[in-house]
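Notes follow once the structure below has been shown.
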Amino acid sequence: MSSKHHSAPASLATVAAAAGVSIATVSRIVNGETRRASAETIERVRKAIDVVGYYPNHAGRTLRRRESRLVAMLAPNLDNPVMAAIAASTEAALRAAGYVMILCDTHDRPDLQDEYLNAMRSQVVRGYIMVASVPSAVLKDFVADGAPMVFVNRRPPFGRGAFVGIDNIKAGADAADMLWSAELKRCGVLAPAQGSSVTRDRLKGFCSRMRALGATEIQKAEAAGRSHLEIGYEAARRLAARNGWFEGLMCVSDQIAYGAYRFARESGIQVPERCRLVGIDGNPLNRWIAPWLRSIEVKYEDFGEPIVELLDQVWRARGHAERIMPHCMS
């Protein structure tokens, strides 16, 4: 095979000659149609593509077929490690499938979400990945029109739809088991005042499980805002002012736990000796910056492939499946 350095751009014919196959075979493999080719042929073509430096002209193909290779992901608060992990894994999975991802930060605002949806429609994107979406007018129209979408983390706000996420009720129940197994009976919960389906389900699962275990006192404190760090700090302050410090606190996200820990330190409360904090997310940074935190671990870095698989099913009109991802106690 020849080197990557050519005086003219490599073509399908160049790849075909290097791989010893027909141009039609190369075209099918480049376009993701691999069912008629053997694994050996596919590997040979892919190696030839790399060696000759062939880059598919997706833009030209889009114009000819009115088919786009762009996929839009709309996600809130990309400074949140959870969102960053989902975005990174999905971008990698889309790239491997031959697509380009456009990433938009909605900041959890319905107006900004709608603005991005309209902008992406004008870019003729092929599909939408809605991470932690919020109900909004344009999103409702998109769903009604049958736009190809996969919802991630939060369930579809307008009826059925393809979904990838965890069982948040079970995650909340597992957090209760963490505290109860440590023989901590006087426990509280910290949550956002404007909660989503995710935080509401985690709260529901925790409280239901604690009552089933025999807890007689479950105090909840909420705080307003979009930053879970600030919510955790303020909710912990309110709970301590109202009821004193509890033996254990369940925080519906790791970032809420970080905020609560900051207030505990400022108040002279030792964590975990005086108060045990349990979160849900399992941020990989916890072992570096929060060894005091026990957390329900969610492998957000594994979300990418299931998201792309479901998006492909939506494109093929194979219904609105869902994929419930595993979580575990860390």
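The values are calculated or read from the model by the stated rules, or taken from the named source; none is laboratory data. Keep in mind it's a predicted model, so treat the numbers as computed, not measured. Here the Cβ is made from the backbone with ideal geometry for all residues, glycine too, and neighbour counts use every protein chain on show. Surface accessibility is based on the protein's heavy atoms, side chains included, excluding ligands, DNA and RNA. Shrake-Rupley method; radii C 1.70, N 1.55, O 1.52, S 1.80 Å.
Overview of values
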quantity	calculated
Förster radius 45 Å - calculated FRET efficiency between SER11 and LYS140 (Cβ-Cβ, nearest 0.05)	0.50
For the chain, calculated [θ]222 nm from helices alone, where every DSSP H run of n ≥ 4 adds -39500 (n - 2.57)	-14000 deg cm²/dmol
Whichever lysines have a C-alpha closer than 17 Å to that of LYS204, once near sequence neighbours (fewer than 8 apart) are set aside	LYS170, LYS220
Exposed GluC sites (Glu not before Pro) absent - longest run of the chain, DSSP non-H/G/I/E/B, at most 16 other C-beta within 10 Å	68-182
Nearest-0.05 FRET efficiency for LYS185 and HIS107, computed from C-beta distance (R0 41 Å)	0.55
Relative contact order [Cα under 8 Å, 6+ residues apart], the chain, whole percent	15
Förster radius 41 Å - calculated FRET efficiency between ARG265 and CYS328 (Cβ-Cβ, nearest 0.05)	0.90
GNM flexibility winner over the chain from ILE231, ILE102, ILE49 (Cα, springs under 10 Å)	ILE49
Pair ASP79, ASP167: separation of 7 Å Cα→Cβ label points (nm)	3.5
Trypsin sites (Lys or Arg not before Pro) lying in DSSP loop within the stretch 227-319, provided at most 16 other Cβ fall within 10 Å	ARG274, LYS299, ARG316, ARG318
The stretch 220-279: projected area of the alpha-carbon convex hull, averaged over directions, in nm²	3.4
Cα gyration tensor shape of the stretch 121-192, rounded if a/c is under 1.5, else prolate or oblate by comparing a/b with b/c	prolate
Distance between modelled label sites at ALA224 and ARG211, nm, 7 Å Cα→Cβ extension	2.8
Dipole of the stretch 139-286, positive direction: furthest Cα of ALA182, SER227, GLY195, with charges on the beta-carbon	GLY195
For the stretch 211-259, size of Cβ-based charge dipole, Lys and Arg +1, Asp and Glu -1, in debye	140
Debye, to nearest 20: dipole size of the chain, +1 on Lys, Arg Cβ, -1 on Asp, Glu Cβ	560
Helix axis angle, 81-96 relative to the chain longest principal axis, alpha carbon, degrees	20
DSSP bridge orientation in the chain - percent antiparallel, rounded to nearest 5	5
Percent accessible area from carbon and sulfur atoms, the stretch 185-330, protein chains only, probe 1.4 Å	48
